[in-house]
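What follows is one structure encoded as structure tokens, with my remarks underneath.
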Amino acid sequence: MKFFYEFERKYYRYAIPNLMYYIVILYAVGLAVYVVNPVMYWNIYGNYLSLDGRAILHGQIWRLVTFLIFPPSFGMFRFTSIFFGIIALFLYHSLGQTLENVWGAFRFNVFFFMGMLAQALACILGYVIFRQDWMLTTGFLNSSIFLAFAMYFPDVQFLMFFVLPVKAKWLAVAECAVYLYSFIFGNAATRCELVVSLANVLVFFFMTRNFKRFAPKEIRRKKTFQKETKILPKGATRHRCAVCGRTEKDGEELEFRYCSKCEGSYEYCQDHLYTHKHVKKEK
């Protein structure tokens, strides 16, 4: 959309390059604390760092950033937490870096920060409307990154369980099926978090599309251009002098121009452009 292109042109210099690198560092900090002392992690994260609508409205705005100290994968045991957590860190860093390389740093920044703000807005609305304290994490925010990746690279293969190759588009379909199940059987917090995460992907996708090409005027222009520039049949020429009949095939040095004083589309070579008799339509 035009407004987004103007916004990007004005503020692109303020984008944070390699944003996913810094996000993964926050994930790694959370994973390290959780592995060392899970109880301490949940006490600190739940009381001081997580998204909390009540706390944010009372001035604890640092929670808008610190809720990112939540690793994308937890296991049932400490070993599995480390193993799957490290894999998830590398995976999401790769996905985010790939999207940044395709979109550019500014657009990836907008996408990720839109997701963060959407999560915060959902948390605040949960408190204001439902009077409930929702602790929303980075789970669906990370999922939105994968969905965006699958939209651009549907045929990239991932090894499920390190053995079974599955394309990204089928993983995205499976993930959407899980989302649908969670939306139907989940609570209000889960439903709201799902909606804002998917909305972030859809809004960003449509916001960065160029819909000008679908305008009737643009469609007519393209059809006219294609008609005028279609491949010529063998032996046909594009230019022909209306006086001597010479074409561009008679010499590379020949130049052809249309006469503005002739009534009609009459083209002349450089030898007859100024010496021909102007054609006038009979009245």
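Some notes on this structure:
- Normalised per residue, the volume of the convex hull around the Cα set of region 230-283 (Å³): 108
- Rounded to whole numbers, the Karplus 3J(HN,Hα) couplings from phi for region 251-264 are x, 5, 7, 6, 10, 10, 9, 8, 8, 7, 8, 7, 8, x Hz, using 6.51 cos²θ - 1.76 cosθ + 1.60 with θ = phi - 60°, and x at Gly and Pro.
- With a simple spin-label model that places each label point 7 Å from the Cα along the Cα-to-Cβ direction, the separation between LYS223 and GLN132 comes to 5.3 nm.
- Each stretch of four or more DSSP H residues adds -39500 (n - 2.57); spread over every residue of the chain, this sum gives -18500 deg cm²/dmol at 222 nm.
- Where a label projected 7 Å from the Cα of LEU57 along Cα→Cβ would reach, residues of region 96-122 with amide N under 20 Å: 117-122
- Formal net charge of residues neighbouring ALA55 (Cβ-Cβ distance under 13 Å; K, R +1; D, E -1): 0
- Mean-square fluctuations from a GNM of the chain, with a 10 angstrom spring cutoff on Cα atoms, peak among ASN47, ASN109, ASN142 at ASN47.
- Likely footprinting exposure, ILE129, ILE86, fewest C-beta neighbours within 10 Å first: ILE129, ILE86
- Cβ-Cβ FRET estimate between THR208 and PHE113, R0 fixed at 22 Å, reported to 0.05: 0.95
- The simple spin-label model puts a point 7 Å past each Cα toward its Cβ; for PHE153 and GLN270 those points are separated by 5.3 nm.
- Alpha-carbon spread of the chain, three principal axes, descending order, Å: 96, 46, 37
- The Rg/Rh ratio of region 1-160, with Rg taken over Cα atoms and Rh as the Kirkwood radius over Cα pairs, comes to 0.99.
- At R0 = 51 Å, FRET efficiency that the Cβ-Cβ distance of VAL173 and GLU248 yields, to 0.05: 0.40
- Taking other C-beta atoms within 10 angstrom as a stand-in for reagent exposure, TRP134, TRP62 fall in the order TRP62, TRP134, fewest first.
- Residues LEU141, LEU273, LEU49, sorted so that the one with the fewest Cβ neighbours within 10 Å comes first: LEU273, LEU49, LEU141
Values quoted throughout were computed directly from the atomic coordinates according to the rules given, and no laboratory measurement underlies them. Predicted model, so just to flag it, every value in this text is computed and none were measured. Neighbour counts run over all protein chains shown; Cβ positions are idealised from the backbone, glycine included.
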